[in-house]
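Chemist: Dumping the structure here so I can ask a few things about it.
The values are calculated or read from the model by the stated rules, or taken from the named source; none is laboratory data. None of these values were measured; they are calculated from a predicted model. For neighbour counting, all protein chains shown are included, and Cβ atoms are generated from backbone atoms with ideal geometry for every residue, glycine included.
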Amino acid sequence: MIGQRDTVNGAHFAFTDRWGGVSAVPYEELNLGGAVGDDPGAVRTNRELAAKALGLDAARVVWMNQVHGADVAVVDGPWGTAADIQDIPSVDAVVTARRGLALAVLTADCVPVLLADPVAGIAAAAHAGRPGMVAGVVPAAVRAMVELGAEPARIVARTGPAVCGRCYEVPGAMRAEVAAVEPAAYAETRWGTPAVDVSAGVHAQLERLGVCDREQSPVCTLESGDHFSYRRDGTTGRLAGYVWLD
């Protein structure tokens, strides 16, 4: 259920795998995405199970309506108990200065980015797919954190399971367009065709911003049967990354 977990100076980071939930095929088992066609009741149960495993209140987790952009929302609480995906703002990063409030990001190949400055008490979660990485969603999230009092040198960054550069095949023209914005994302598949490494691009952006404490998950979602992958399966569930501060 919780595939990876880390705590640094009171900052908590966690990434789920696909097991331990109640969703049926093709979303089996722990689908946490509310906009992929799964039964809403199953998704609610899965979110409750994941929150319980992390010691969180499921009603106090902030989710996003992710659209592959670079908009950021600063939040101090959930959108509302009755909020569904249509009522949640379309953003790809959320930032908070409220300790104890958990922020969540959904992925199934894109890069889930979790950020925290434990000293300032500022946390952020960002959804960085190829378009979002190119648009600058991660720098936008860091800027929002800094505006609230965070310092890049104190920020702890963790990126979760995502499709790796050896598997993310794209047309050559697309690779060139991405690399023109972020050279570190230039990649080649194992079979020698053009590819994009979004995780590498995200970490290069964080490094330029002065974020030194960075760790990247070794898991490639396309290669791992324990994780959801949109590129592999098409209709499938969503993993979640969670970040919060004591």
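Chemist: Only one of these is crowded, with 17+ Cβ neighbours inside 10 Å, modelled with pLDDT of 95 or more and part of a loop (DSSP other than H, G, I, E, B): Leu49, Leu56. Name it.
Modeler: Leu56
Chemist: Answer yes if at least one residue in the range 181-189 is of a type in the set (Val, Ile, Thr), free of Cβ contacts under 8 Å to residues at least 40 places away in the same chain and surrounded by fewer than 24 Cβ atoms within 10 Å (Cβ to Cβ), and no otherwise.
Modeler: There is at least one residue in the range 181-189 that is of a type in the set (Val, Ile, Thr), free of Cβ contacts under 8 Å to residues at least 40 places away in the same chain and surrounded by fewer than 24 Cβ atoms within 10 Å (Cβ to Cβ).
Chemist: Give Ala104, Ala42 a once-over and let me know the one that is in contact (Cβ under 8 Å) with a residue 24 or more places away in the chain and not in a loop (DSSP other than H, G, I, E, B).
Modeler: When all the criteria are applied, what remains is Ala104.
Chemist: Here is a list: Val105, Val67, Val111. Which entry is over 25 Å from Pro152 (Cβ atoms) and among the aliphatic types (A, V, I, L, M)?
Modeler: The unique qualifying residue is Val67.
Chemist: Further question: Give all pairs with beta carbons closer than 7 Å in which a residue from the range 227-246 that is at negative phi meets a residue that is among the charged types (D, E, K, R) and surrounded by fewer than 19 Cβ atoms within 10 Å (Cβ to Cβ); count only pairs at least 6 apart in sequence or on separate chains.
Modeler: Leu245/Arg99; Asp246/Arg99
Chemist: Still on this structure, please answer the following. Looking at the range 6-25, I want the residues that are under 16 Å from Leu101 (Cβ atoms) and have a partner that is among the acidic types (Asp, Glu) with Cβ atoms under 6 Å, at least 6 apart or on another chain. Which pairs are those?
Modeler: From residues that are under 16 Å from Leu101 (Cβ atoms), the pairs are Gly10/Asp246; Phe13/Asp6.
Chemist: Can I ask one more? Looking at the range 14-46, which of its residues are of a type in the set (S, T, N, Q), more than 13 Å from Phe228 (Cα to Cα) and buried (at least 20 other Cβ atoms within 10 Å of the Cβ)?
Modeler: The answer is Asn46, and nothing else.
Chemist: Right, another one. In the set Arg158, Arg166, Arg175, which member is in a strand (DSSP E or B) and either surrounded by 15 or more Cβ atoms within 10 Å (Cβ to Cβ) or out of contact with any Phe, Trp or Tyr (no Cβ under 6 Å at 6 or more places or on another chain) (or both)?
Modeler: Of the residues listed, the single one that is in a strand (DSSP E or B) and either surrounded by 15 or more Cβ atoms within 10 Å (Cβ to Cβ) or out of contact with any Phe, Trp or Tyr (no Cβ under 6 Å at 6 or more places or on another chain) (or both) is Arg158.
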